[in-house]
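Before any comments, here is the structure.
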Amino acid sequence: MRTGTVQNCGLAIILAASLGSVGCANMSDSQRRVTTGAGIGAATGAIIRGDTRGVATGAAIGAAGGWIYDRNERRWKRRR
């Protein structure tokens with residue numbers, strides 16, 4: 001990886017974390033989980049691939065993972 005790519009990834013992670021902490025105040029648990037998954041996936045995709053396609057793919061996979069996690073959490077809450 002080039003140094004510029006690593007710096008851009010670091011900046012993207014910091015920006016996503018700061019926006020995520022402020023923007024989640026009025027979200028439901030489901031929305032927070034999906035958004036968090038998308039953010040983590042986007043950051044991971046940027047680190048692994050270092051291009052826009054990696055970010056988009058990571059965000060999509062992360063959002064799907066967040067949705068699956070949320071669905072399972074809601075099922076466990078109903079069973080308790």
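The values are calculated or read from the model by the stated rules, or taken from the named source; none is laboratory data. All values derive from a computational prediction rather than experimental measurement. For neighbour counting, all protein chains shown are included, and Cβ atoms are generated from backbone atoms with ideal geometry for every residue, glycine included.
Which is part of a helix (DSSP H, G or I) and at pLDDT 90 or above, of 4, 62?
The conditions single out 62.
Just to be sure, is residue 47 hydrophobic (A, V, I, L, M, F, W, C), modelled with pLDDT under 90 and assigned to a helix (DSSP H, G or I)? Break it down stepwise before answering.
Numbers: hydrophobic (A, V, I, L, M, F, W, C): yes; modelled with pLDDT under 90: yes; assigned to a helix (DSSP H, G or I): yes.
So residue 47 passes the test.
Determine if the stretch 34-44 includes at least one residue that is touching a Lys or Arg at 6+ places or on another chain (Cβ under 6 Å), part of a helix (DSSP H, G or I), crowded, with 16+ Cβ neighbours inside 10 Å and not charged (D, E, K, R).
no
Going through the stretch 45-80 one residue at a time, which ones are charged (D, E, K, R) and buried (at least 18 other Cβ atoms within 10 Å of the Cβ)?
Our first condition is that a residue be charged (D, E, K, R); within the stretch 45-80, this holds for 49, 51, 53, 70-71, 73-75, 77-80.
Listed by number, the list holds a single entry, 70.
Scan the stretch 22-80 residue by residue and report those that are in contact with a Ser or Thr (Cβ under 8 Å, 6 or more places away or on another chain) and basic (Lys, Arg).
49, 74
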